[in-house]
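Each value in this text was obtained by applying a stated rule to the coordinates, not by laboratory testing. None of the values given here were measured: they were computed from a predicted structure. Note that we place each Cβ from the backbone using ideal geometry, even for glycine, and neighbour counts take in every protein chain shown.
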Amino acid sequence: MPESWCGNSDSPALQGLSRSTTRSHRHITGGSGLSRPNQPHHIHWLAVRSSQRRRGVGHALLAAIVDRWPTEPIEVVTFTADTAGGAPARRLYESHGFSCVGASGPAPDGNPRDLYVLRRDST
């Protein structure tokens, strides 16, 4: 099981990210599921409550993830350009330096997905 991170709506921009394995509490504003520290760095999921979108929550979560893994590449599978409603997720990852490197396997519902990677300089 991947590690989960979440924040509550009482913390501005998720200032106090806290580790949690629950994702369904009413106070959760957003969260992410990450690979374990000893595995290649992969964001398994990142979600923001629909009522809290466009308030910087996704950026705060992604910034915390990037800070957590400051030197190694980070991968995430997300929506393709043809997926209705997927543009905000792609823009979020791209705004943090992630690039689409190609197709990934399909989602459980059969919809196509793309692999985005944040590469780090090894200097």
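In this structure the amide hydrogen of Phe79, modeled in the peptide plane, comes within under 5 Å of the amide hydrogens of Asp114, none closer than 5 places in sequence on its chain. With the simple model of a label 7 Å out from the Cα in the direction of the Cβ, Arg120 to Val101 spans 1.5 nm. Extending 7 Å from Cα along the Cβ direction at Ser35 and again at Asp82 yields two label points whose distance is 2.8 nm. Taking every alpha-carbon pair under 8 Å whose residues sit at least 6 apart, the range 24-123 reaches a relative contact order of 23 percent.
For the pair His44 and Asp67, label points projected 7 Å from Cα toward Cβ lie 2.4 nm apart. Applying 0.36 nm per residue to the separation of His59 and Asn111 and subtracting their alpha-carbon distance, the gain on full extension is 16.2 nm.
Near the amide H of Leu46, within less than 5 Å, lie the amide hydrogens of Gly33, all on another chain or at least 5 residues away, with H placed in the peptide plane.
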